[in-house]
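Heads up: the structure comes next, in structure tokens.
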Amino acid sequence: MKIIMLGAPGAGKGTQAKMIAEQYKIPHVSTGDIFRANIKNGTELGKEAKKYMDEGKLVPDELTVRILLDRVAQSDCKDGYVLDGFPRTIPQAEVLDAELKKLGDQVDVAINVDVPDENIVGRMSGRRACLKCGATYHIQALPPKQEGICDHCGSELVLRDDDKPETVKKRLEVYHQQTQPLIEYYSGKKILQTVDGTQDAKDVFAAIERIL
Ligand code: AP5
Ligand code: MG
Ligand code: ZN
């Protein structure tokens with residue numbers, strides 16, 4: 001099964017994608033996590049991506065598409081995956097469709113996690129992220145068992161560099177301009193499903209399970 005997660009920054013794409021990946025035993029592929037891991041490790045890719053990410057802008061399509069296609073070509077992705085944060089522009093979606101078509105394949109479902117902008121800034125300032133395994137927490141809504149430590153891998157949790165309120169505002173703007181059109185794109189392909197992302201994370205997941 002090939003699943004795409006759509007939604008504004010902070011809508012809970014990563015939170016839900018992790019739960020889907022665990023439940024359905026498919027890899028969780030997040031372009032944001034791949035970039036952050038590269039930044040942490042000081043790679044050339046990380047240096048390039050950081051320039052855009054710190055300003056709340058999108059990393060250029062060319063670079064992002066190459067990274068994503070490399071990742072989904074790995075053997076653990078052969079029976080499906082859940083994409084979180086990709087595609088984020090119409091050209092990215094078109095490349096993904098074209099590549100899958102070559103393999104006689106296609107995206108099965110695009111799940112739009114719907115959360116209004118008003119809810120987003122509060123979520124971001126309370127978010128804590130694990131840069132090692134990609135898990136995310138919220139100091140109130142979804143706290144880790146031990147403060148500051150990842151439940152999954154024991155690493156230290158951090159506040160993401162792009163979660164400052166000013167950068168979040170920019171990311172929301174970029175989302176509305178460049179990513180929101182994908183809702184119509186997948187709706188036109190009759191594979192769009194929308195869930196109310198303002199509910200508790202476990203209720204959002206229950207809604208997703210009903211769809212899948
Ligand atoms: P990326 O890492 O994808 O960031 P994003 O889309 O801005 O989304 P977030 O990860 O911030 O939010 P999320 O929806 O995953 O929410 P989460 O589950 O963490 O991308 C970062 C940057 O990388 C981009 O700005 C861009 O520069 C670059 N990039 C990445 N992909 C790219 C691409 N394809 N093309 C170009 N550039 C790209 O939840 C948020 C918080 O809310 C957490 O604290 C969580 O615990 C909490 N929460 C979750 N669900 C709930 C709930 N139901 N109720 C209450 N709290 C909740
Ligand atoms: Mg995320
Ligand atoms: Zn972790």
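The values are calculated or read from the model by the stated rules, or taken from the named source; none is laboratory data. Quantities reported herein were computed from a predicted structural model and do not represent experimental measurements. Positions of Cβ are backbone-derived with ideal geometry, glycine not excepted, and every protein chain shown enters the neighbour counts.
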Quiz prompt | Search result, residues across region 155-179 that are among the charged types (D, E, K, R), away from ligand 2 (no atom under 15 Å from the Cβ) and not in a strand (DSSP E or B) | solution = Lys164, Glu166, Lys169, Lys170, Glu173
Quiz item: From Ser30, Ser75, which residue is closer than 26 Å to Thr198 by Cα and either surrounded by 22 or more Cβ atoms within 10 Å (Cβ to Cβ) or of a type in the set (Gly, Ala, Ser) (or both)?
Solution: Ser30
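Of the residues Leu69, Leu100, Leu83, Leu6, which is touching an Asp or Glu at 6+ places or on another chain (Cβ under 7 Å) and either away from ligand 3 (no atom under 16 Å from the Cβ) or aliphatic (A, V, I, L, M) (or both)?
Details: Leu100 fails: touching an Asp or Glu at 6+ places or on another chain (Cβ under 7 Å); Leu83 fails: touching an Asp or Glu at 6+ places or on another chain (Cβ under 7 Å); Leu6 fails: touching an Asp or Glu at 6+ places or on another chain (Cβ under 7 Å).
Of the residues listed, the single one that is touching an Asp or Glu at 6+ places or on another chain (Cβ under 7 Å) and either away from ligand 3 (no atom under 16 Å from the Cβ) or aliphatic (A, V, I, L, M) (or both) is Leu69.
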Exercise. Please state which one of Asp70, Asp79, Asp105, Asp84 is under 30 Å from Glu156 (Cβ atoms) and touching a residue at least 40 places away in the same chain (Cβ under 8 Å).
Key: Asp84
Quiz prompt | Counted residues, region 21-67 - those being free of Cβ contacts under 8 Å to residues at least 12 places away in the same chain, of a type in the set (Gly, Ala, Ser) and touching a Phe, Trp or Tyr at 6+ places or on another chain (Cβ under 8 Å) | solution = 1
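How many of the residues making up region 139-151 are modelled with pLDDT under 95 and within 18 Å of Met19 (Cβ to Cβ)?
2
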Practice problem: Out of the residues in region 21-45 that are closer than 25 Å to Lys170 by Cβ and touching a Lys or Arg at 6+ places or on another chain (Cβ under 7 Å), state the one that is farthest from ligand 2 (Cβ to nearest atom). | Solution: Ile39
Quiz prompt | In region 152-190, residue farthest from ligand 3 (Cβ to nearest atom) [restricted to those that are among the hydroxyl-bearing types (Ser, Thr, Tyr) and either modelled with pLDDT under 95 or under 13 Å from Ile120 (Cα atoms) (or both)] | solution = Tyr175
